[in-house]
Amino acid sequence: MYKIAVCDGDAVFCRAICSDVKKIMDDRQTEYSLMYYTDAKEFDKALHADRAFDLVIMETVLGGGALELARQMRRQNIDSEIIFVTSHKEQAADSFDVEPLHFLIKGESTEKLGEAMRRFFAKKERGRLCISTSKGTVYLPYSDIMYCEIFGHDITVYAVSGEKENCRGTLKGIEQLLPTHNFIRLHRSYLINLDCVSQITHNSITLSGGLSIPLSRSTYKNIQLAMQEYIGSRV
């Protein structure tokens, strides 16, 4: 689960940012918690109460001490990703020492916030599939995933090791989080890693774990073409 904090002295703007963040996270079908603070001291108290945040979206002039608060976080080895929001472009240079993920100008579109958060997801999830399970957020390296199977809204992700993780959502949602060059959709129920294919016949495809999935004639042609392109990309 991602823990996100929004900090802005303007309560109206703070709630607007929270609304945009909520929409972005809900669209991703990703588990998260969202807190907002309109006072730097309250946010500082939250940090000292062991409330660790994965992402902090912070106004640079929050209570007059936002930059110093960010520097304090770095001195305490708090590695939260920080997106600064400001009305003054020139303040960007003052924030480089805290290594912010992104810098937004107040009044910019929701799309700009979306771009910044996509950078956050890419950094956090580089080379891994992030899913929310009953145990919490699980990160699975792409290379460890053999296939995904769905029943209703229940998805099971099977690992090469034989282990499996369960989550809820849509196969399309999972598909959008995986690299397209080596993962392909089969029917409505399966999403497979081409690197784990051991045999293809006109009637079925077999994975390295022994699972055999029936193929229709049209699906056979699609999987053959996908395998050819995948193998060609590795030469």
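Here are the numbers for this structure:
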| item | result |
| --- | --- |
| Beta bridge orientation in the chain: antiparallel %, DSSP, nearest 5 | 60 percent |
| Net lengthening on full extension, Tyr230/Lys123 (0.36 nm per residue, minus Cα-Cα) | 36.0 nm |
| Selection from Val12, Ala226, Pro100 lying farthest towards where the dipole of the chain points positive, charges on Cβ | Ala226 |
| Distance in nm between pseudo-label sites at Arg168 and Tyr139 (7 Å out along the Cβ direction from Cα) | 2.6 nm |
| Inter-site label distance for Thr180 and Asp10 at 7 Å from Cα along Cβ, in nm | 3.8 nm |
| Rounded tilt (10° steps) of 110-124 against the dominant C-alpha axis of the chain | 70 degrees |
| Lys pairs, the chain - Cα-Cα below 14 angstrom, 8 or more residues apart or on other chains | 5 |
| Helix-only mean residue ellipticity at 222 nm for the chain, each DSSP H run of n ≥ 4 adding -39500 (n - 2.57), per residue, nearest 500 | -10500 deg cm²/dmol |
| Diffusion coefficient, µm² s⁻¹, Stokes-Einstein with Kirkwood Rh over alpha-carbon pairs of the chain at 4 °C and 1.567 mPa s | 65 µm²/s |
| Using alpha-carbon coordinates, inclination of helix 217-234 to the longest axis of the chain, degrees | 60 degrees |
| Stretchable slack from His48 to Thr219, in nm (0.36 nm times residue separation minus alpha-carbon distance) | 56.0 nm |
| Packing-based ranking, highest mean first, of 24-31, 80-87 given that Cβ atoms within 10 Å are counted | 80-87, 24-31 |
| Amide H contacts of Ser33 (H built 1.01 Å from N, under 5 Å, at least 5 apart or other chain) | Tyr2, Lys3, Ile4 |
| Residue order, fewest to most surrounding Cβ atoms within 10 angstrom, among Lys135, Lys124 | Lys135, Lys124 |
| Crossing angle, helix 66-75 versus the chain [Cα axis fit, 0-90 degrees, rounded to tens] | 60 degrees |
| Alpha-carbon centroid distance for the pair segment 6-57 / segment 143-182, whole angstrom | 29 Å |
| Förster-model FRET efficiency, 25 Å R0, Thr206 and Ala159, C-beta, rounded to 0.05 | 0.90 |
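Here, each number is a calculation from the coordinates, and none is a lab measurement. Please read these numbers as outputs of a predicted model, since none were measured by experiment. As a convention, Cβ positions derive from the backbone with ideal geometry for all residues, glycine included, and neighbour counts pool all protein chains shown.
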